[in-house]
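Please read the structure below before turning to the comments.
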Amino acid sequence: MKTEFRPSFWLPGAHLQTIWASKFRSLPYPDTTKEQIELDDGDFINLFWLTEGKGPIVIIVHGLEGDLSSNNVKGMFGVFRKMGWNGVLLLNRNCGGISNRLQRTYHAGETGDLDFVVNLVKKRFPDVPLMVYGYSLGGNILLKWLGEKGDNARINAAAAVSTPFDLGSSTSILEKGFSRVYQSHFVNLLRASAKRKFRDLPPLFNPGDLNKIKTIREFDERVTAPLHGFKNANHYYLESSCKRFLDNVKVTTLIMNSLDDPFLDTKTFPDQKEVSEMIELEFLQKGGHAGFITGNVWNKFSFIETRIPEFFRGKIEIKT
């Protein structure tokens, strides 16, 4: 670990960090421009652009069922705007209340859309430094993409926060203790998203009664896996978890997780011997899941919003 983080005294535990950061932190919506892009496969993706500045561009990859309203997204956009940087949010297919057209949606191992957006940004802004930031499920997508691309990633730096390195173990953690509260929240979101999707485009398989799904693993078994060509949930987790791709990352990358994350099994966290020499691991003692709230009641902020820009700034040559 190369960084010190001190959680706010009034948010001492992992659950308070996680819940307050996600649900009670009040942040303004960023002033972004929405762009819908038609894809060669007949589907589309939505991008949300912040292009007021003249600095580098950061692509943001959100978490499970996230969108522009996610506090992590709003917070990072706000910081980039103050820095004079630009950003773009990749809204995963079928997220944000928008049903996509094809017999598929998105999942933790789907990296094709991120690859498309990286190439799009490079084409439009060929001389501007480009970084990618992903958190939670988005962190898994980013790290898997980096490992798949190797020397061909063609970005300046990357950062992943609160990443599940092993998807199967993460679903197991969410079935225990208080973490079941988070699981219930995500299952409700996933069921609603699937119902909307299947109402417009009935699946080519029988998912059963979606209302009876109680766990993320059950959702992945009955919906995610068959919808995306996996044999079952275990096959999906095996193929999509980022951990086995980490030794082929060729881009300077920061991975920041907390050891008290209520979503993740710390026994699956890699050590430096398991990852590329281009990866910097920072496993902080506290912070919850995508929380890392520090400061007092009157002056509070997420440590993510200082550490990630600091890391990016240190890895690129900013033209002034």
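The values are calculated or read from the model by the stated rules, or taken from the named source; none is laboratory data. Worth saying up front: this structure is predicted, and the values here are computed from it rather than measured. So basically every Cβ, Gly included, is an ideal-geometry build from the backbone, and we count neighbours across all protein chains shown.
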Are there strands (runs of 3 or more DSSP E) fully within the stretch 27-78 with at least 1 residues that are in contact (Cβ under 8 Å) with a residue 24 or more places away in the chain, within 21 Å of I98 (Cα to Cα) and in contact with a Ser or Thr (Cβ under 6 Å, 6 or more places away or on another chain)? List them.
44-50
Index of the failed condition, A14 passing every other in (1) buried (at least 18 other Cβ atoms within 10 Å of the Cβ); (2) in contact with a Gly (Cβ under 6 Å, 6 or more places away or on another chain); (3) farther than 21 Å from F303 by Cβ
(3)
Name the single residue that is nearest to L114 (Cα to Cα) among those in the stretch 56-69 being among the small types (G, A, S) and touching a helix residue (DSSP H, G or I) at 6+ places or on another chain (Cβ under 8 Å).
G63
What helices (runs of 4 or more DSSP H), lying completely within the stretch 204-320, carry at least 3 residues that are touching a strand residue (DSSP E or B) at 6+ places or on another chain (Cβ under 6 Å)?
304-315
Quickly run through the stretch 104-137 and pick out the residues that are over 20 Å from I216 (Cβ atoms), among the hydroxyl-bearing types (S, T, Y) and surrounded by fewer than 22 Cβ atoms within 10 Å (Cβ to Cβ).
none
Evaluate the following for L39: is it at pLDDT 95 or above, touching a Leu at 6+ places or on another chain (Cβ under 7 Å), surrounded by 15 or more Cβ atoms within 10 Å (Cβ to Cβ) and under 30 Å from A194 (Cβ atoms)?
no
Does F312 fit the bill of being within 18 Å of the chain's Cα centre (by Cα), closer than 30 Å to S26 by Cβ, among the hydrophobic types (A, V, I, L, M, F, W, C) and surrounded by 22 or more Cβ atoms within 10 Å (Cβ to Cβ)?
yes
Pairs, first in contact (Cβ under 8 Å) with a residue 40 or more places away in the chain in the stretch 101-118, second among the acidic types (D, E) and not in a helix (DSSP H, G or I), C-beta under 7 Å, six or more apart
R101/D43; L102/D41; L102/D43
H289 fails exactly one of (1) within 14 Å of L11 (Cβ to Cβ); (2) over 22 Å from the mean Cα position of the chain (by Cα), namely (2)
List the number of the failed condition for N140; all other conditions in (1) within 12 Å of the chain's Cα centre (by Cα); (2) under 24 Å from E38 (Cβ atoms); (3) of a type in the set (S, T, N, Q) hold.
(2)
Can you pull out every residue in the stretch 45-99 that is among the aliphatic types (A, V, I, L, M) and surrounded by fewer than 18 Cβ atoms within 10 Å (Cβ to Cβ)?
M83, I98
Anything in the stretch 154-199 that is touching a Lys or Arg at 6+ places or on another chain (Cβ under 7 Å) and acidic (D, E)? List them, or say none.
D166
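Within the stretch 260-284, restricting attention to residues that are hydrophobic (A, V, I, L, M, F, W, C) and more than 18 Å from the chain's Cα centre (by Cα), which residue is farthest from L146 (Cα to Cα)?
L284
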